[in-house]
Amino acid sequence: MAETTPGHERTRSRFIRLARTRFATRLTMTMERFWPRILPLLVVISLFLSISWLGLFRLMPDTARYGVVASLGLLGVASLWPLRNFRRPTPAEIDKRIERANQLAHEPVAAQSDHPAGNRDGFAEALWREHQKRMAGKLVNLRGDLPKTGVPERDPWGLRAAAALLLVIAAAFSSGPYGGSLLDAFRAHGGAEVVPPRVDAWVTPPTYTRRAPIYLTAEANRETEHFTAPHGSILALRVTGGSGTETLSYLSADDTESPIAPEGASQSEALSVDTSARRFTATLTEDGKLRLKRDGQEIEGWLFSVTPDNPPEIRFAEDPRRAVNGALELAYEIEDDYGPAEAQALFEQAYNAPDARPLYSAPDLPLTLPRRDGRTVAAKTSRDLTEHPWAGSSVKMSLRAVDDAGQEARSEAKLFTLPERTFTNPLAKALIEQRRTLALDANKKPRVLAMMDAVVTWPEETLKDLSQFLGISAARSRLETAQTDDQLRDVVDYLWEIALIIEDGDLTAAEKRLRQAQEALKNALEEGASDEEIARLMDELRSAMQEFLREFAERAQQNPNMAQQLPENSQMLNQNDLDRMLDQIEELARSGARDQAQELLSQLENMMNNLQAGRSQQGQSGNQQSEMRQQMDELGNLMRRQQELMNETFRMDQMQRGQRNGEGQEGQGQQGQQGQQDRGNGQQPGEGQGMSPQEFADAMRGLQQGQGTLRQDLESLMKGLEGLGIRPGEGFGEAGEAMGEAEGALGEGEGEQAVGEQGRALEALRRGAQDMMNQLQQAMRGEQGGGEQGFRQSNNGRDPLGRPQATTGPDFGDSVEVPDEIDTQRARRILEAIRKRLGDALSPALEKEYLERLLDMQ
C-alpha cells in the first residue's frame, strides 16, 4: 500500500469540505425557491385548523359554514399554482453561489469539476491538473450563506405571523370543554349554539350510608378515572346550554347500554326539545360506565364500581336470661354494612293446642341497635315483660333485623320460659296462674271459674283480708258474665291488678311509673326527639325515680330484712350517683351523642333492676330464711350467755383467790373483785364482799347448772340447723366438749380451769357461727342464680342506697379479736402485779392513784 503524502491529505480534505458546502448550498437554494411558493397553502391550512379548533364551525349556520369551507378550499387550490414554477438548483448554479458567497475570483470551485475542451494530450492534462491544483489552493475555509426567500418583501406587514399565532391559540383551546373538532366543518347543525354546554355531575349515596356526595366534575376529580359508590346511589347530571342533543346512557359490564331519559320527558321527546338546562337522574345498581354524548359522539365518560349492600346478620351472643327484677335480658350481635335500621324479638307459643283461642298476641319487643361506628356489633336489651299474660309460659323466640335497604335477617330460635314476676303470696300466685291459663286459651274459661270457686269456697281458710275476698269475688262475677274477647281481656287485666295488690300493695305504682319514664326516654332518644322533649322526659324520670326510691326506703324501714336479702357482693349506689348519671344522660342527648346516652340509660336501668333484686329475692325464700334468722338469733343469745357466764366465773375465781391472800393483798384483791362485780352485776362498791365457803360453793354449783343449761341449748340449736339443711360445723362440736369440761371444773370448784374451758367454748362457738354463715351465703347464692351477676364490689354494712343497715342476725364479733387462754393468764398476772404494787407502803401516792384508776377501768 502506497504511503500518502501530506499534500495528498490536504487535497483530500479540501474536496470533502467542498462537497459539504455544495450540499448545504443546495438545501439553501431549494428552500429559497420552495418556501415562497408553499407558504400560501400553509396559511390557508392554518386558517382552517384555527376555525375548527376554536369551535367556530359549530356556531355558524350551515350556509355560512358551507361558504367558509368552500372559500378555504378555493384558496387552497389557488395556493398550489405557484408550485408549477419550482425547479431544483443545478451543480453549476450551486458552484456559482459558493464562489459568490466566498468572493472567489476565476471560478476556482467550477474548475474542480470542469474539463479542458478539445483534444487532450498529456501536456494539456498535466497543465489542467496544475491549474486545478492552484485553484484548489483558494478553496480554504469555504462557507455557505443563508436562504433568501424574499417573503418579507412580499409580506411587509407580517400577516403570516398572525396566522401562526392564531393556530397556536386554537390548538390550546381545543383541549378544553368548549373546543371544536376538525369534523365540525363537515357536520350538519340544527341551529346556532349561543352558549357552550356546561356539565355538572354528582353521585349521592343513600342517606343511611352516611357518606358524602361525589362531585364527578369537580376540579379535584378531573384526573380520577374510576369512582366507587354504594349500591342504590342516585346519579344526577345537569347540562346547561349546549345544542340540546346531549344524551346520557349507562354501559354495563356486559356491554349493555341503557339510555337515561331526562327528567320530565322521555328519551324520544328529549331529542326534539331544545332546553337551556336539562337534568338526568339514575340509580346505580351495577358496575359500568356513564357516557354523555352529543350527536352520537362521547364528550364525557365516568367509570363506576358499585359496592353491593349485603343483607344483615343477627345472632344470639348469650342465651336469654332473667334479670334480677324479672326482666328479660337479651345479648346479641348484629352485623351490617352500614348498620341495621331496626331489630325486634319474635315470640310464639311452644306448646299451644291447635284449637286454642289466645286472647293476646305475642309481646312486642324492639331491640336496641348497636352503634353505627363500623366496629360495634354487640348490643343488649332489657325489657320487663312480667306483666304480659304470656309471662311464665314456654315460648320460641327468634331475632329479626332489617337494614335500610329493606333486607331482612333472622337468628336461630331459642326455646325457654318467658320470665315472670315472682309472687310469694300463695293466693296471688294462684290468681296469676289462672290469669295465664285464661289469656293463652279463652276456651278454658270453665276451668278458671272452677278454680276461683275453690278459692272462695272457704275464705276463712285461704283469705286473710276481706278486701281480697271482695276482689276475687268481683273478678269471678266479671269472668262469668264475660262473652266477648274484649271482656275476657278486661278480666285478665283485673286479675293482674288484684295479684299486685295482694303481693305488694302500692309499691308497684311507683315501679310502673319509673319503667314508663325509662321507656319514654329510650324511645325519644331512638326517634331523635327535640331537646325540649328530652328535657321534659328527663324531669319525669327524675321525679319517678325519687318517688320509687322514697317508697322503696319506706318499705325497707318497715321490713329491715329487705336490705338483708341483697347479695353479699352488691354495689353501693347513693343518690349522688343517680343524679350524676341522669345529668350525664341529659348532657349526652343535648350534645347529639344519642347512642352514648342510650347506652348510659341502659346501664341505669340495670342498676335499678339490681336495686329491686333484694325485694324480689326476699319473697323467694322468706319462710325458710325466717327460720334461719331465728336460729341465728338463738345462737347469738347463746354466745352472749356464755360470755356472761365466763365473766361471772372469772369474778368468783378472783374472789376466792383474794380471800386466800394476806391482809395487805386481801384488801386490794377485794377492791379489784368489787370492781369486777360492779361491772358484772351492777352493784355499788362494797357489796358482795366477805362470802363464806358455803356461799362460795353454792355460787359455783349455780354456775355449773347454768353451764349445763347452755350445753343443752347448744345441742337443741344443732338439731334445728340440721332440720334446715345446714350441717353444724366442727366448731359447735368442740364448743359442746369445752362446755362439758367447764361444767365438770365448776363442780370441782376449779374456777381457773373453768374459765379457760369457757373461753375455748366461746371461741369454738364463733368458729361454728362463721361456718354457718358461709353455708347460708352459699345457699343464698345458689337460689339467686345468675342474679348476682348484676352486682359488683360489695360495701359491707350499707344498703344499695349507701345507708347503714342492720346486720343479718346477731353480731358474732368477727371484727373483734377474742383473747385466748394465754392472753387471759397474762392479764391475770398483770392484775396481780398491780395489786402487789398497791400493797407496797412505800409507793408514792400519785402512783397509787394511777394504779387504782387502772383497776377501775377494768
Could I have the simple spin-label model distance between Ile234 and Met581, label points 7 Å from Cα toward Cβ, reported in nm to one decimal? 4.3 nm
What net charge do the residues around Val306 carry, taking every other residue with its C-beta under 11 Å from that of Val306, with Lys and Arg at +1 and Asp and Glu at -1? -3
3J(HN,Hα) from dihedral phi, segment 581-590, Karplus parametrisation 6.51/-1.76/1.60, rounded to Hz, x for glycine, proline: 5, 5, 5, 5, 4, 5, 5, 5, 5, 6
Interchain or long-range residues, amide H under 5 Å from Arg315's placed H: Glu333
Rounded to whole angstrom, the alpha-carbon centroid of segment 701-774 lies from that of segment 61-77 at a distance of 133 Å
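Beyond a 26 Å Cα-Cα separation, which of these cross-linked pairs lie in this structure: Lys380/Lys414; Lys445/Lys512; Lys414/Lys445; Lys429/Lys512?
Values: Lys380/Lys414 16 Å; Lys445/Lys512 29 Å; Lys414/Lys445 30 Å; Lys429/Lys512 20 Å.
Correct reply: Lys445/Lys512; Lys414/Lys445.
Carbon and sulfur atoms: what percent of the 1.4 Å accessible area of segment 342-444 do they account for? Could the numbers behind the result be given before it?
Numbers: 2190 of 4770 Å².
Using a 1.4 Å probe with all protein chains present, segment 342-444 comes out at 46 percent carbon and sulfur.
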In order through segment 433-450: 3J(HN,Hα) via Karplus (6.51 cos²θ - 1.76 cosθ + 1.60), integer Hz, x for Gly, Pro: 4, 5, 4, 5, 4, 5, 5, 7, 8, 5, 5, 8, 4, x, 5, 5, 4, 5
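Provide the per residue accessible area, probe 1.4 Å, for segment 380-454, rounded to a whole number of square angstrom.
On the way: 3110 Å² over 75 residues.
In whole numbers, segment 380-454 has 41 Å² accessible per residue.
In nm, what is the difference between 0.36 nm times the number of residues separating Ser591 and Thr417 and their Cα-Cα distance?
Numbers: separation 174, 0.36 × 174 = 62.64 nm, distance 4.08 nm.
Stretched out fully, the Ser591 to Thr417 stretch lengthens by 58.6 nm.
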Let me check I've understood the local charge: for Thr376, count other residues with C-beta under 12 angstrom from its C-beta, Lys and Arg +1, Asp and Glu -1. What total comes out? -2
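Among the trypsin sites (Lys or Arg not before Pro) in segment 310-402, which ones are in a DSSP loop with at most 11 other Cβ atoms within 10 Å of the Cβ? Mind listing them? Present the calculation step by step, with values, prior to reporting the outcome.
Working: sites: Arg315, Arg321, Arg322, Arg371, Arg372, Arg375, Lys380, Arg383, Lys396, Arg400; in loops: Arg371, Arg372, Arg375.
Passing both the DSSP loop test and the Cβ count: Arg375.
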Take Asp254 and Arg279, extend 7 Å from each Cα along the Cα→Cβ direction, and tell me the distance between the two endpoints in nm. 3.2 nm
Please list Tyr351, Tyr332, Tyr66 from largest to smallest accessible area, probe radius 1.4 Å, with all protein chains kept in place. Tyr351, Tyr66, Tyr332
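In terms of solvent-accessible area of protein heavy atoms at a 1.4 angstrom probe, what is the ranking of Val491, Val77, highest value first?
So, going from the largest accessible area down, we get Val77, Val491.
Compute the signed sum of charges (Lys and Arg +1, Asp and Glu -1) over the other residues within less than 13 Å, Cβ to Cβ, of Ala413.
Numbers: positive: Arg315, Lys396, Arg400, Arg410, Lys414; negative: Asp319, Glu348, Glu412.
It works out to a net charge of +2.
I'd like the FRET efficiency for Thr224 and Ser530, computed as 1/(1 + (r/R0)^6) with the beta carbon distance as r and R0 of 56 Å, rounded to 0.05. Numbers along the way, then the final one.
Values: r = 41 Å, r/R0 = 0.73.
Efficiency, rounded to the nearest 0.05: 0.85.
The values are calculated or read from the model by the stated rules, or taken from the named source; none is laboratory data. All values derive from a computational prediction rather than experimental measurement. Cβ atoms come from the backbone with ideal geometry, glycine included; neighbour counts cover every protein chain shown. These accessible areas exclude ligands, DNA and RNA; they are computed on the full protein's heavy atoms, side chains included. Shrake-Rupley method; radii C 1.70, N 1.55, O 1.52, S 1.80 Å.
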